[in-house]
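Asks: Next up is a structure, given as structure tokens.
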Amino acid sequence: MKHPFIFFELRTNDVGKAKKFYAKLFGWKVEEMPMGEGVVYPMLKVEARKDFGTGITDNPAKKGFPSHWTPYVVVDNCSSFTKKAAKLGGKVAQQPKDFPWGIVSTILDPTGAAFSLWQAKLGKK
């Protein structure tokens, strides 16, 4: 499948509460991944899927916006797909942002559903 969903991220208004809930509900392990400069990113490890992870982060739109799950779709060029989504009627909620491991943008489709685009950097996982 070209451009599959590859990752799901919980953008939550209470990271600690979410970590405890999912760990207790499903038995998922929480692994704190160091991101540099003292920042850690909680990953929920699902035993049945060694190749798949789920992250938890602060909700970037806390005021008046509920916690929510965001799926990520793999693309080969985040900037071009972000522009294409906008031309097709999508709204760019987050312009492509560069991270050490990849480039991410967030789109709202014409119905208002959110998803993120993911472009991995070469040599990184």
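A short reminder: the numbers here are calculations on the coordinates, not readings from a lab. All values reported here derive from a predicted model rather than from experimental measurement. Virtual Cβ from ideal backbone geometry, glycine too; neighbours counted across all protein chains shown.
Asks: For region 62-81, which positions are free of Cβ contacts under 8 Å to residues at least 60 places away in the same chain and either surrounded by 14 or more Cβ atoms within 10 Å (Cβ to Cβ) or more than 20 Å from Gln95 (Cβ to Cβ) (or both)?
Replies: Hits for region 62-81 are Lys63, Gly64, Pro66, Ser67, Cys78, Ser79, Phe81.
Asks: Restricting the search to region 89-110, which residues are of a type in the set (Lys, Arg) and touching a residue at least 60 places away in the same chain (Cβ under 8 Å)?
Replies: Scanning region 89-110 gives no hits.
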